[in-house]
Amino acid sequence: MAFDAILERFVKNSPVSVMARLVLQRAVSAEWMDSLFEAHRKRQYTRELLFSTVVELMSVVAMGLRPSLHAAAKATEGGTSIAALYEKVNRMEPDLVRALVRGSAQRLEPVVQPLRTGEKPWAEGYRVRVMDGNHLPASEKRLKPLREFRGAALPGHSLVVYAPEQGLVVDVVPCEDAHAQERTLVAAVLEHAQQGDLWIADRNFSTTRIVFGLEDRHAAFIIREHGRTPSPTEVGKRKRVGRVETGVVFEQPVQVEDDGGRLLTLRRIELQLDEPTEEGEPLIRLLTNAPKEKLSAEKVACLYRKRWSIEGMFQSLESALHSEVRTLGHPRAALLAFGTAVVAYNILAVIQAAVEAAHPEAKAEGIELSPFFVATEVQATYGGRMIAVGDDVWTAFDEQSPLQLSRTLIRIAQHAQPKRLRKHPRGPKKKTKKGYVSGRTARQHVATARVLASGRIDSTS
(Lines give C-alpha, C1' and ligand atoms only; values in the text may rest on other atoms or scores of the structure.)
Protein backbone atom coordinates (compact mmCIF):
# COMPACT_ATOMS: atom_id res chain seq x y z
CA MET A 1 0.00 0.00 0.00
CA ALA A 2 1.35 3.42 -1.00
CA PHE A 3 1.45 5.96 1.83
CA ASP A 4 -0.04 9.44 1.71
CA ALA A 5 2.69 12.09 1.20
CA ILE A 6 2.27 13.61 4.66
CA LEU A 7 2.02 10.17 6.26
CA GLU A 8 5.21 9.12 4.45
CA ARG A 9 7.00 12.00 6.13
CA PHE A 10 5.85 10.81 9.54
CA VAL A 11 6.83 7.23 8.66
CA LYS A 12 10.40 8.35 8.00
CA ASN A 13 10.72 10.69 10.99
CA SER A 14 8.44 9.14 13.62
CA PRO A 15 7.67 5.53 12.62
CA VAL A 16 6.74 4.49 16.16
CA SER A 17 3.86 6.97 16.42
CA VAL A 18 2.51 5.87 13.01
CA MET A 19 2.60 2.22 14.08
CA ALA A 20 0.86 3.18 17.33
CA ARG A 21 -2.05 4.66 15.40
CA LEU A 22 -2.39 1.64 13.11
CA VAL A 23 -2.22 -0.90 15.95
CA LEU A 24 -4.60 1.16 18.09
CA GLN A 25 -7.33 1.22 15.46
CA ARG A 26 -6.93 -2.53 14.91
CA ALA A 27 -7.05 -3.29 18.66
CA VAL A 28 -9.98 -1.08 19.65
CA SER A 29 -11.92 0.33 16.72
CA ALA A 30 -14.92 2.44 17.73
CA GLU A 31 -17.46 0.16 16.02
CA TRP A 32 -16.03 -2.94 17.69
CA MET A 33 -15.99 -1.34 21.16
CA ASP A 34 -19.59 -0.18 20.93
CA SER A 35 -20.74 -3.63 19.80
CA LEU A 36 -18.70 -5.09 22.69
CA PHE A 37 -20.55 -2.79 25.08
CA GLU A 38 -23.93 -3.95 23.82
CA ALA A 39 -22.90 -7.62 24.10
CA HIS A 40 -21.49 -7.48 27.65
CA ARG A 41 -23.31 -4.69 29.47
CA LYS A 42 -25.66 -5.67 32.28
CA ARG A 43 -27.11 -2.52 33.81
CA GLN A 44 -25.39 0.23 31.85
CA TYR A 45 -26.80 1.81 28.71
CA THR A 46 -25.75 4.51 26.24
CA ARG A 47 -27.31 7.93 26.80
CA GLU A 48 -24.83 10.78 26.23
CA LEU A 49 -21.51 8.96 25.88
CA LEU A 50 -20.53 5.95 23.81
CA PHE A 51 -18.34 3.29 25.43
CA SER A 52 -15.80 3.84 22.63
CA THR A 53 -15.57 7.55 23.55
CA VAL A 54 -14.90 6.75 27.20
CA VAL A 55 -12.17 4.22 26.33
CA GLU A 56 -10.61 6.62 23.83
CA LEU A 57 -10.37 9.36 26.47
CA MET A 58 -8.96 6.95 29.04
CA SER A 59 -6.44 5.69 26.46
CA VAL A 60 -5.18 9.25 25.97
CA VAL A 61 -4.46 9.39 29.70
CA ALA A 62 -2.89 5.93 29.79
CA MET A 63 -0.49 6.82 26.98
CA GLY A 64 0.55 10.00 28.81
CA LEU A 65 -0.85 12.29 26.11
CA ARG A 66 -3.02 14.10 28.69
CA PRO A 67 -2.37 14.41 32.44
CA SER A 68 -5.89 13.50 33.56
CA LEU A 69 -9.28 12.32 32.36
CA HIS A 70 -10.66 15.81 32.96
CA ALA A 71 -7.95 17.34 30.73
CA ALA A 72 -8.55 14.74 28.03
CA ALA A 73 -12.29 15.49 28.03
CA LYS A 74 -11.77 19.26 27.79
CA ALA A 75 -9.43 18.82 24.83
CA THR A 76 -11.94 16.86 22.73
CA GLU A 77 -13.51 18.53 19.75
CA GLY A 78 -16.99 19.80 20.61
CA GLY A 79 -16.37 19.12 24.29
CA THR A 80 -17.53 16.27 26.46
CA SER A 81 -19.83 16.57 29.46
CA ILE A 82 -17.51 16.14 32.44
CA ALA A 83 -20.35 15.11 34.72
CA ALA A 84 -21.59 12.48 32.24
CA LEU A 85 -18.05 11.20 31.72
CA TYR A 86 -17.31 10.65 35.41
CA GLU A 87 -20.73 9.12 35.99
CA LYS A 88 -19.99 6.69 33.16
CA VAL A 89 -16.52 5.65 34.34
CA ASN A 90 -17.65 5.33 37.97
CA ARG A 91 -20.32 2.86 36.90
CA MET A 92 -18.22 0.91 34.41
CA GLU A 93 -18.91 -2.77 34.99
CA PRO A 94 -15.79 -4.91 35.65
CA ASP A 95 -17.00 -7.50 33.13
CA LEU A 96 -16.81 -4.82 30.42
CA VAL A 97 -13.20 -4.04 31.37
CA ARG A 98 -12.34 -7.72 31.12
CA ALA A 99 -14.11 -8.06 27.76
CA LEU A 100 -12.18 -5.03 26.47
CA VAL A 101 -8.79 -6.52 27.39
CA ARG A 102 -9.61 -10.07 26.20
CA GLY A 103 -11.22 -8.94 22.96
CA SER A 104 -8.50 -6.46 21.99
CA ALA A 105 -5.78 -9.07 22.71
CA GLN A 106 -7.58 -11.57 20.47
CA ARG A 107 -7.64 -8.94 17.70
CA LEU A 108 -3.89 -8.34 18.09
CA GLU A 109 -2.70 -11.95 18.39
CA PRO A 110 -2.90 -12.70 14.62
CA VAL A 111 -1.00 -9.45 13.98
CA VAL A 112 1.83 -10.12 16.42
CA GLN A 113 2.19 -13.83 15.58
CA PRO A 114 3.96 -13.30 12.21
CA LEU A 115 6.26 -10.79 13.90
CA ARG A 116 7.43 -13.42 16.40
CA THR A 117 8.16 -16.24 13.96
CA GLY A 118 11.62 -17.68 14.35
CA GLU A 119 11.76 -17.05 18.09
CA LYS A 120 12.48 -20.05 20.29
CA PRO A 121 9.36 -21.15 22.23
CA TRP A 122 9.43 -21.16 26.01
CA ALA A 123 8.32 -24.82 26.13
CA GLU A 124 8.06 -26.88 22.94
CA GLY A 125 4.49 -28.04 22.33
CA TYR A 126 2.91 -25.78 24.97
CA ARG A 127 1.03 -22.48 24.93
CA VAL A 128 2.52 -20.70 27.94
CA ARG A 129 0.44 -18.53 30.27
CA VAL A 130 1.78 -16.70 33.33
CA MET A 131 -0.75 -15.78 36.02
CA ASP A 132 -0.33 -13.19 38.77
CA GLY A 133 -2.25 -10.59 40.76
CA ASN A 134 -1.84 -6.83 40.59
CA HIS A 135 -3.02 -4.54 43.40
CA LEU A 136 -3.74 -0.92 42.57
CA PRO A 137 -2.04 1.61 44.89
CA ALA A 138 -3.88 3.89 47.26
CA SER A 139 -5.88 6.63 45.57
CA GLU A 140 -6.45 10.22 46.60
CA LYS A 141 -9.36 10.60 49.03
CA ARG A 142 -11.66 12.61 46.77
CA LEU A 143 -14.73 10.55 47.60
CA LYS A 144 -16.63 12.09 50.53
CA PRO A 145 -16.78 8.96 52.75
CA LEU A 146 -12.97 8.69 52.60
CA ARG A 147 -12.00 12.28 53.46
CA GLU A 148 -11.75 11.77 57.21
CA PHE A 149 -9.97 8.42 56.90
CA ARG A 150 -6.27 8.66 57.77
CA GLY A 151 -5.17 5.33 56.25
CA ALA A 152 -4.82 4.21 52.64
CA ALA A 153 -7.86 3.85 50.38
CA LEU A 154 -7.35 0.94 47.98
CA PRO A 155 -9.53 0.99 44.82
CA GLY A 156 -9.17 -2.69 43.87
CA HIS A 157 -6.98 -5.26 42.20
CA SER A 158 -6.90 -7.61 39.20
CA LEU A 159 -5.84 -11.10 38.25
CA VAL A 160 -3.71 -10.86 35.12
CA VAL A 161 -2.85 -13.54 32.55
CA TYR A 162 0.22 -12.86 30.42
CA ALA A 163 1.28 -14.64 27.21
CA PRO A 164 5.07 -14.10 27.32
CA GLU A 165 5.82 -15.55 23.89
CA GLN A 166 3.54 -12.99 22.25
CA GLY A 167 4.28 -10.29 24.83
CA LEU A 168 0.53 -9.70 25.31
CA VAL A 169 -1.75 -9.57 28.32
CA VAL A 170 -4.55 -11.88 27.20
CA ASP A 171 -6.90 -11.72 30.19
CA VAL A 172 -7.66 -9.53 33.19
CA VAL A 173 -10.20 -10.26 35.91
CA PRO A 174 -10.90 -6.98 37.75
CA CYS A 175 -12.04 -6.98 41.37
CA GLU A 176 -13.46 -3.98 43.24
CA ASP A 177 -12.71 -5.41 46.69
CA ALA A 178 -9.04 -4.69 47.37
CA HIS A 179 -9.03 -7.06 50.37
CA ALA A 180 -10.35 -10.07 48.41
CA GLN A 181 -7.82 -12.86 47.81
CA GLU A 182 -6.57 -12.92 44.22
CA ARG A 183 -6.94 -16.71 44.14
CA THR A 184 -10.72 -16.26 44.42
CA LEU A 185 -10.67 -14.84 40.89
CA VAL A 186 -8.97 -17.87 39.35
CA ALA A 187 -12.21 -19.74 38.56
CA ALA A 188 -13.05 -17.18 35.85
CA VAL A 189 -9.61 -17.64 34.28
CA LEU A 190 -9.64 -21.44 34.41
CA GLU A 191 -12.72 -21.49 32.18
CA HIS A 192 -10.37 -20.64 29.31
CA ALA A 193 -7.58 -23.09 30.19
CA GLN A 194 -7.26 -25.88 27.63
CA GLN A 195 -5.22 -28.88 26.62
CA GLY A 196 -1.78 -27.84 25.44
CA ASP A 197 -1.55 -24.94 27.91
CA LEU A 198 1.27 -24.53 30.43
CA TRP A 199 0.26 -22.27 33.32
CA ILE A 200 2.97 -20.78 35.54
CA ALA A 201 2.09 -19.16 38.87
CA ASP A 202 3.59 -18.32 42.25
CA ARG A 203 2.68 -19.84 45.62
CA ASN A 204 -0.37 -17.60 46.09
CA PHE A 205 -2.08 -19.95 43.63
CA SER A 206 -0.87 -23.17 45.24
CA THR A 207 -4.25 -24.58 46.27
CA THR A 208 -5.93 -27.94 45.79
CA ARG A 209 -8.80 -26.34 43.89
CA ILE A 210 -6.52 -24.62 41.37
CA VAL A 211 -4.29 -27.66 40.88
CA PHE A 212 -7.25 -29.96 40.24
CA GLY A 213 -9.00 -27.27 38.19
CA LEU A 214 -6.10 -27.12 35.72
CA GLU A 215 -5.77 -30.91 35.68
CA ASP A 216 -9.49 -31.26 34.89
CA ARG A 217 -9.03 -28.88 31.94
CA HIS A 218 -6.13 -31.10 30.72
CA ALA A 219 -3.77 -28.15 31.11
CA ALA A 220 -0.20 -28.46 32.41
CA PHE A 221 1.07 -26.24 35.21
CA ILE A 222 4.14 -25.17 37.16
CA ILE A 223 3.14 -23.69 40.52
CA ARG A 224 5.42 -22.84 43.41
CA GLU A 225 4.43 -24.89 46.43
CA HIS A 226 2.99 -23.07 49.42
CA GLY A 227 4.09 -24.06 52.90
CA ARG A 228 0.56 -25.12 53.90
CA THR A 229 -1.38 -25.97 50.78
CA PRO A 230 -1.99 -28.27 48.93
CA SER A 231 0.14 -30.25 51.43
CA PRO A 232 1.33 -33.04 49.09
CA THR A 233 2.27 -36.48 50.39
CA GLU A 234 5.66 -37.90 49.41
CA VAL A 235 5.33 -41.18 47.47
CA GLY A 236 8.91 -41.63 46.30
CA LYS A 237 12.52 -40.79 46.98
CA ARG A 238 14.01 -37.35 46.44
CA LYS A 239 16.74 -37.55 43.79
CA ARG A 240 19.30 -35.10 42.55
CA VAL A 241 18.83 -34.73 38.79
CA GLY A 242 21.09 -31.89 37.72
CA ARG A 243 22.04 -28.26 38.02
CA VAL A 244 20.89 -24.93 36.56
CA GLU A 245 22.42 -21.49 36.67
CA THR A 246 21.04 -20.63 40.11
CA GLY A 247 21.42 -23.91 41.97
CA VAL A 248 21.04 -27.68 42.26
CA VAL A 249 17.82 -29.40 41.08
CA PHE A 250 16.09 -32.32 42.84
CA GLU A 251 12.95 -34.26 41.88
CA GLN A 252 10.44 -36.29 43.88
CA PRO A 253 6.99 -37.83 43.17
CA VAL A 254 4.17 -36.58 45.44
CA GLN A 255 0.40 -36.94 45.66
CA VAL A 256 -2.36 -34.39 46.30
CA GLU A 257 -5.88 -35.24 47.47
CA ASP A 258 -8.99 -33.11 46.88
CA ASP A 259 -12.13 -32.84 49.05
CA GLY A 260 -13.75 -35.69 47.13
CA GLY A 261 -10.91 -38.10 47.81
CA ARG A 262 -9.41 -37.97 44.33
CA LEU A 263 -5.66 -38.47 44.21
CA LEU A 264 -3.36 -36.68 41.76
CA THR A 265 0.30 -37.67 41.35
CA LEU A 266 2.61 -34.73 40.67
CA ARG A 267 6.32 -34.08 40.34
CA ARG A 268 7.89 -31.91 43.03
CA ILE A 269 10.90 -30.05 41.67
CA GLU A 270 13.20 -28.57 44.30
CA LEU A 271 15.78 -25.91 43.53
CA GLN A 272 18.50 -25.63 46.17
CA LEU A 273 19.69 -22.07 45.55
CA ASP A 274 23.32 -21.03 45.57
CA GLU A 275 22.18 -17.73 47.10
CA PRO A 276 18.95 -17.32 49.13
CA THR A 277 16.03 -15.31 47.79
CA GLU A 278 15.36 -11.74 48.98
CA GLU A 279 13.14 -13.29 51.67
CA GLY A 280 16.09 -15.41 52.81
CA GLU A 281 14.71 -18.72 51.49
CA PRO A 282 17.40 -21.19 50.32
CA LEU A 283 14.96 -23.66 48.73
CA ILE A 284 12.19 -23.29 46.13
CA ARG A 285 9.67 -26.10 45.67
CA LEU A 286 7.64 -26.39 42.48
CA LEU A 287 4.70 -28.66 41.67
CA THR A 288 4.01 -29.75 38.10
CA ASN A 289 1.85 -32.27 36.27
CA ALA A 290 3.88 -31.97 33.06
CA PRO A 291 5.38 -35.33 32.02
CA LYS A 292 9.14 -35.75 32.38
CA GLU A 293 9.39 -36.60 28.66
CA LYS A 294 8.16 -33.10 27.75
CA LEU A 295 9.67 -31.01 30.55
CA SER A 296 12.75 -32.10 32.46
CA ALA A 297 13.22 -31.02 36.06
CA GLU A 298 15.90 -28.53 34.99
CA LYS A 299 13.57 -27.06 32.37
CA VAL A 300 10.78 -26.68 34.94
CA ALA A 301 13.15 -24.78 37.27
CA CYS A 302 14.28 -22.49 34.43
CA LEU A 303 10.70 -21.82 33.28
CA TYR A 304 9.62 -20.77 36.74
CA ARG A 305 12.53 -18.36 36.91
CA LYS A 306 11.33 -16.79 33.65
CA ARG A 307 7.97 -16.19 35.34
CA TRP A 308 9.42 -12.85 36.42
CA SER A 309 8.69 -11.55 32.91
CA ILE A 310 5.22 -10.68 34.20
CA GLU A 311 6.81 -8.49 36.88
CA GLY A 312 8.61 -6.61 34.09
CA MET A 313 5.25 -6.13 32.39
CA PHE A 314 3.74 -4.70 35.60
CA GLN A 315 6.72 -2.37 35.93
CA SER A 316 6.20 -1.14 32.37
CA LEU A 317 2.53 -0.50 33.10
CA GLU A 318 3.57 1.68 36.01
CA SER A 319 6.57 3.48 34.52
CA ALA A 320 5.88 3.71 30.78
CA LEU A 321 2.09 3.99 31.03
CA HIS A 322 -0.29 5.66 33.44
CA SER A 323 -1.98 2.50 34.72
CA GLU A 324 -2.38 3.99 38.18
CA VAL A 325 -4.49 7.16 38.02
CA ARG A 326 -4.54 8.08 41.69
CA THR A 327 -7.16 10.81 41.20
CA LEU A 328 -9.69 8.12 40.27
CA GLY A 329 -10.78 6.92 43.69
CA HIS A 330 -13.90 5.05 42.64
CA PRO A 331 -13.02 1.34 42.23
CA ARG A 332 -14.73 0.92 38.86
CA ALA A 333 -13.07 4.03 37.42
CA ALA A 334 -9.63 2.90 38.68
CA LEU A 335 -10.12 -0.59 37.22
CA LEU A 336 -11.14 0.89 33.87
CA ALA A 337 -7.96 2.98 33.89
CA PHE A 338 -5.90 -0.13 34.59
CA GLY A 339 -7.65 -2.15 31.86
CA THR A 340 -7.15 0.63 29.34
CA ALA A 341 -3.47 0.85 30.25
CA VAL A 342 -3.19 -2.90 29.66
CA VAL A 343 -4.61 -2.41 26.15
CA ALA A 344 -2.04 0.37 25.60
CA TYR A 345 0.72 -1.97 26.82
CA ASN A 346 -0.36 -4.59 24.27
CA ILE A 347 -0.19 -1.97 21.54
CA LEU A 348 3.38 -1.09 22.58
CA ALA A 349 4.22 -4.83 22.62
CA VAL A 350 3.14 -5.17 18.98
CA ILE A 351 5.24 -2.13 18.05
CA GLN A 352 8.27 -3.62 19.81
CA ALA A 353 7.76 -6.92 17.98
CA ALA A 354 7.62 -5.08 14.65
CA VAL A 355 10.85 -3.17 15.34
CA GLU A 356 12.61 -6.38 16.40
CA ALA A 357 11.36 -8.18 13.28
CA ALA A 358 12.54 -5.34 11.04
CA HIS A 359 15.97 -5.14 12.74
CA PRO A 360 17.12 -8.70 13.55
CA GLU A 361 20.71 -7.49 13.72
CA ALA A 362 19.82 -5.35 16.75
CA LYS A 363 18.60 -8.38 18.68
CA ALA A 364 21.74 -10.29 17.66
CA GLU A 365 23.77 -7.47 19.22
CA GLY A 366 21.83 -7.85 22.46
CA ILE A 367 19.80 -4.65 22.08
CA GLU A 368 16.60 -4.96 24.13
CA LEU A 369 13.87 -2.40 23.49
CA SER A 370 12.43 -0.35 26.33
CA PRO A 371 8.64 0.09 26.60
CA PHE A 372 9.37 3.41 28.32
CA PHE A 373 11.26 4.85 25.35
CA VAL A 374 8.73 3.43 22.89
CA ALA A 375 5.93 5.15 24.85
CA THR A 376 7.95 8.40 25.01
CA GLU A 377 8.39 8.32 21.23
CA VAL A 378 4.63 7.94 20.78
CA GLN A 379 3.92 10.81 23.18
CA ALA A 380 6.36 13.15 21.42
CA THR A 381 4.61 13.33 18.03
CA TYR A 382 1.24 11.64 18.40
CA GLY A 383 -0.78 14.86 18.71
CA GLY A 384 0.85 16.57 15.73
CA ARG A 385 0.40 13.51 13.56
CA MET A 386 -3.29 13.29 14.45
CA ILE A 387 -3.74 16.87 13.25
CA ALA A 388 -1.63 16.52 10.10
CA VAL A 389 -2.98 13.21 8.80
CA GLY A 390 -6.70 12.99 8.03
CA ASP A 391 -8.98 10.18 9.21
CA ASP A 392 -9.59 9.02 5.62
CA VAL A 393 -5.90 8.06 5.34
CA TRP A 394 -6.14 5.77 8.37
CA THR A 395 -9.42 4.09 7.43
CA ALA A 396 -7.76 2.73 4.27
CA PHE A 397 -5.71 0.39 6.51
CA ASP A 398 -8.84 -1.18 8.01
CA GLU A 399 -9.20 -3.40 4.93
CA GLN A 400 -5.84 -5.06 5.53
CA SER A 401 -5.76 -8.63 6.84
CA PRO A 402 -3.74 -9.32 10.03
CA LEU A 403 -0.85 -10.64 7.91
CA GLN A 404 -0.93 -7.60 5.64
CA LEU A 405 -0.91 -5.29 8.66
CA SER A 406 2.08 -7.19 10.08
CA ARG A 407 3.97 -6.59 6.85
CA THR A 408 2.98 -2.92 6.86
CA LEU A 409 4.29 -2.56 10.41
CA ILE A 410 7.60 -4.18 9.45
CA ARG A 411 7.92 -1.83 6.50
CA ILE A 412 7.33 1.18 8.76
CA ALA A 413 9.57 -0.22 11.51
CA GLN A 414 12.52 -0.32 9.11
CA HIS A 415 12.74 3.45 9.62
CA ALA A 416 13.01 3.06 13.41
CA GLN A 417 16.36 3.26 15.19
CA PRO A 418 16.57 0.47 17.80
CA LYS A 419 19.52 2.08 19.56
CA ARG A 420 17.34 5.09 20.41
CA LEU A 421 14.70 2.79 21.91
CA ARG A 422 17.00 0.41 23.77
CA LYS A 423 16.93 -0.32 27.49
CA HIS A 424 19.65 1.10 29.71
CA PRO A 425 19.56 -1.20 32.75
CA ARG A 426 21.39 0.00 35.82
CA GLY A 427 23.61 -2.30 37.79
CA PRO A 428 22.42 -3.84 41.05
CA LYS A 429 22.47 -1.54 44.05
CA LYS A 430 24.89 -2.40 46.80
CA LYS A 431 23.04 -3.33 49.97
CA THR A 432 24.30 -1.20 52.84
CA LYS A 433 23.00 -1.30 56.36
CA LYS A 434 22.30 2.28 57.40
CA GLY A 435 21.64 1.61 61.05
CA TYR A 436 19.92 3.89 63.54
CA VAL A 437 20.50 7.65 63.78
CA SER A 438 18.80 10.26 65.91
CA GLY A 439 15.96 12.34 64.52
CA ARG A 440 18.15 15.45 64.71
CA THR A 441 20.79 13.82 62.51
CA ALA A 442 18.20 12.59 60.01
CA ARG A 443 16.72 16.10 59.65
CA GLN A 444 20.06 17.81 58.91
CA HIS A 445 20.58 19.48 55.54
CA VAL A 446 23.70 19.56 53.37
CA ALA A 447 24.60 21.70 50.36
CA THR A 448 25.47 19.23 47.59
CA ALA A 449 27.80 21.73 45.87
CA ARG A 450 29.90 22.07 49.05
CA VAL A 451 30.05 18.32 49.55
CA LEU A 452 31.26 17.80 45.96
CA ALA A 453 33.83 20.56 46.34
CA SER A 454 35.26 19.25 49.60
CA GLY A 455 34.68 15.57 49.07
CA ARG A 456 33.24 15.11 52.54
CA ILE A 457 30.26 16.00 54.72
CA ASP A 458 30.72 18.16 57.79
CA SER A 459 28.49 20.29 59.97
CA THR A 460 29.04 23.43 57.82
CA SER A 461 28.08 21.76 54.54
Nearby aspartates and glutamates by direct alpha-carbon distance to K237 (threshold 20 angstrom, same-chain neighbours under 8 apart not counted): E225, E251, E257, E270, E293, E298
Prolate/oblate/rounded call for segment 161-255, Cα gyration tensor, a/c under 1.5 rounded: prolate
Straight-distance crosslink candidates among lysines, where the alpha carbon sits under 24 Å from K74 and sequence neighbours closer than 8 are dropped: K88, K141
Cα extents of segment 76-202 along the three principal axes, largest first (Å): 55, 41, 23
Inter-part distance where segment 188-221 and segment 337-366 are each reduced to a Cα centre, Å: 28
Near-label residues of segment 135-165 by backbone N, under 16 Å of a point 7 Å along Cα→Cβ of E278: 135
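So which GluC sites (Glu not before Pro) in segment 141-187 pass both tests, a DSSP loop state and at most 14 other Cβ atoms within 10 Å of the Cβ?
Numbers: sites: E148, E165, E176, E182; in loops: E148, E165, E176.
In loop regions of segment 141-187 (DSSP not H, G, I, E or B), the sparsely surrounded GluC sites (Glu not before Pro) are E148, E176.
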Sulfur and carbon atoms: percent of accessible area, the chain [1.4 Å]: 49
Environment charge at L421 (Cβ cut-off 15 Å; Lys +1, Arg +1, Asp -1, Glu -1): 0
The chain: DSSP helices with Cα axial extent of at least 24 Å and average Kyte-Doolittle hydropathy no lower than 0.0: 94-112, 331-358, 371-388
Neighbour cut-off at most 13 other Cβ (10 Å), DSSP loop, trypsin sites (Lys or Arg not before Pro), segment 122-159: R142, R147, R150
Rel. contact order, % - alpha carbon contacts under 8 angstrom, at least six apart, the chain: 20
Hull volume in cubic angstrom per residue (convex hull over the Cα atoms of segment 285-384): 171
Heavy-atom accessible area per residue - the chain, 1.4 Å, Å²: 53
Residue-averaged [θ]222 nm for the chain, counting only DSSP H segments that reach four residues, each worth -39500 (n - 2.57): -12500 deg cm²/dmol
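In segment 282-372, which trypsin sites (Lys or Arg not before Pro) are in a loop and have at most 16 other Cβ atoms within 10 Å, using DSSP for the loop call?
Filter output for segment 282-372: K292, K294, R326.
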Spacing of the two label points (7 Å from each Cα toward its C-beta) at K292 and D391, in nm: 6.3
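The values are calculated or read from the model by the stated rules, or taken from the named source; none is laboratory data. This is a predicted model, so every value here is computed, not measured. A quick note on method: Cβ atoms are made from the backbone with ideal geometry, for glycine too, and the neighbour counts reach across all protein chains shown. SASA here: full protein model, heavy atoms, side chains in, ligands and nucleic acids out. Shrake-Rupley method; radii C 1.70, N 1.55, O 1.52, S 1.80 Å.
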